[in-house]
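The values are calculated or read from the model by the stated rules, or taken from the named source; none is laboratory data. Please read all numbers here as calculations on a predicted model, not as lab measurements. Please note: Cβ atoms are built from the backbone with ideal geometry, for glycine as well, and neighbour counts cover all protein chains shown. Ligands, DNA and RNA are excluded from the accessible area calculation, which covers all protein heavy atoms including side chains. Shrake-Rupley method; radii C 1.70, N 1.55, O 1.52, S 1.80 Å.
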Amino acid sequence: HPRVRMTAKRLATLQSLVKSDADAKSLAAEVDTRAESLLNASTVQYGHTGVEHSLLAVSRTVCDRLYTLGMSYLLTGKKTHAARAVKEMVKVARFPDWNPTHFLDTAEMTHCVGIGYDWTFDAISTADRATIEQGVAKNGLEAYIKRAYPKNEWDRPYWNWNRPSHTR
């Protein structure tokens with residue numbers, strides 16, 4: 001770890017760039033400042049909103065937070081940033097679902113928790129890892145399997161969630 005969207009080699013390159021390049025250093029400082037601002041924020045709350053009655057706003061908030069906190073942790077090593085990311089992941093892992101009726105919500109939440117889990121892996125306790133893994137399994141992977149087999153209505157039509165390169 002990290003290995004999802006960021007490898008150890010890429011991280012070393014990025015850390016070196018932050019030390020040697022003023023623009024990279026400035027961007028890293030902005031990420032760190034944003035991460036610091038999240039330390040005392042309330043964790044996200046489960047709730048469907050908007051026209052589509054979706055959890056998408058929550059998923060995207062989680063995504064923003066986990067990318068920010070995770071990247072800052074990778075660049076600075078600040079355990080407080082990893083701990084805050086873990087707090088967010090544990091919270092969403094305990095949600096009753098990630099809204100599989102609007103599967104984009106589920107997909108984004110699964111993606112984001114995966115990033116957070118990978119980028120902060122060494123700072124997650126065994127108990128919290130189990131909670132997060134169970135949440136991803138239940139609310140992400142099992143939700144997909146239940147929707148995909150035997151009927152997967154969002155896999156068949158041609159729309160923004162599915163752009164097949166062939167006709168069925």
Practice task
Tell me, please, whether a residue that is small (Gly, Ala, Ser), open to solvent by 50 Å² or more (accessible area, probe 1.4 Å) and modelled with pLDDT of 95 or more can be found in the stretch 114-123.
Solution key: no
Of the conditions (1) open to solvent by less than 50 Å² (accessible area, probe 1.4 Å); (2) modelled with pLDDT of 95 or more; (3) farther than 19 Å from Gln45 by Cβ, the single one that Gln134 does not satisfy is (1)
**Message:** Any residue at all in the stretch 89-96 that's modelled with pLDDT of 95 or more, touching an Asp or Glu at 6+ places or on another chain (Cβ under 9 Å) and open to solvent by 40 Å² or more (accessible area, probe 1.4 Å)?
**Reply:** no
Has the stretch 19-30 got any residue that is at negative phi and touching a residue at least 60 places away in the same chain (Cβ under 8 Å)?
no
Pairing a residue in the stretch 124-146 that is in a helix (DSSP H, G or I) with any residue that is loosely packed, with under 12 Cβ neighbours inside 10 Å, where Cβ atoms lie under 7 Å and the two sit 6 or more apart in sequence or on different chains, gives none
The condition from (1) outside any helix (DSSP H, G or I); (2) closer than 16 Å to Cys63 by Cβ; (3) at pLDDT below 95 that Thr101 misses is numbered (2)
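Just wondering, is there one or more residues in the stretch 57-79 that are in a loop (DSSP other than H, G, I, E, B) and exposed (fewer than 14 other Cβ atoms within 10 Å of the Cβ)?
For the stretch 57-79, residues in a loop (DSSP other than H, G, I, E, B) and exposed (fewer than 14 other Cβ atoms within 10 Å of the Cβ): present.
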Test: residue in the stretch 50-67 that is farther than 30 Å from Lys146 by Cβ and either basic (Lys, Arg) or within 13 Å of the chain's Cα centre (by Cα) (or both): no
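Results for (1) assigned to a helix (DSSP H, G or I); (2) β-branched (Val, Ile, Thr), shown as yes or no for each residue.
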residue: Asp23; (1), (2): yes, no
residue: Ala29; (1), (2): yes, no
residue: Ser37; (1), (2): yes, no
residue: Thr43; (1), (2): no, yes
residue: His81; (1), (2): yes, no
residue: Glu88; (1), (2): yes, no
residue: Thr106; (1), (2): yes, yes
